Amino acid sequence: MIFPRESHSLPLPCDNVAVFSKENTLNRREKCQHRRTRSGFGDRLILSPCLRPELSLRRAIAHPGFSQLGIVQRAQVLTNLGNLLNHIGRFVEAVEAWNEAITLVPKMGMANGNLGIGLTHYASHLYDSGHNAMLGLAARRALKRALASDAIIESEGLEPAFASFQRYADAIDHQLGGCCQSNANLSPLRAAPSG
């Protein structure tokens, strides 16, 4: 264990990080769904199953011992938080978490790749082709950093993720065409096909 146990029986945030990392390793992903119910006291929101992992990660990040973890492990936790936030539709917060991870480890493949995919999806929902293309270029830069030969790949079994990063980078290159040399004739960016 990384941190000494405190005098209470609640799990320490590091325990929660380990549990969350194990869930990622096992590739288990619950669908996050919000639903409303009617009760005698009016509407109430039933919280998503994603709330518990988010709270666990935030507790781990806020824990004083978090800074004692290795820099790559801290970046992994921040990347996981970004992925979770993006999955539940909180894109702006996800970008902040990914950028924090990239600040710690600029060449971290998963943080850069997930940022690139997130920017691609966000850009695909914009109506303004100029904004769309600018986010597409930012996504392309992040994906290229993820796919660089010197990118830091922090764990094994990430080949499917990096194949996805490559598909997105190829789709952006195809859709943006020669806009890197010229901003003329920018076409709207669409998310890359899966598969």
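Here are some notes:
- Estimated distance in nm for a label pair at HIS87 and ASP128, the labels positioned 7 Å out from Cα along Cα-to-Cβ: 3.2
- Prolate/oblate/rounded label for the range 49-88 (Cα gyration tensor, a/c 1.5): oblate
- Under a 5 Å amide H cut-off, with hydrogens placed 1.01 Å from N, MET108 pairs with ILE152 among residues at least 5 apart or on other chains.
- Kirkwood hydrodynamic radius of the range 68-144, from inverse mean 1/r over distinct Cα pairs, in Å: 12.4
- Here each label is just a point 7 Å from Cα along the line to Cβ, and for GLN166 and ARG141 those points are 2.5 nm apart.
- Kirkwood hydrodynamic radius over Cα pairs of the range 52-181, then Stokes diffusion coefficient at 37 °C and 0.692 mPa s, in µm²/s: 218
- Computed E for GLU156/ARG58 - FRET, C-beta separation, R0 25 angstrom, nearest 0.05: 0.40
FYI, it's all coordinate maths here, none of it is from the lab. Please read all numbers here as calculations on a predicted model, not as lab measurements. Methodologically, a virtual Cβ is constructed for each residue, glycine included, from the backbone with ideal geometry; neighbour enumeration extends over all protein chains shown.
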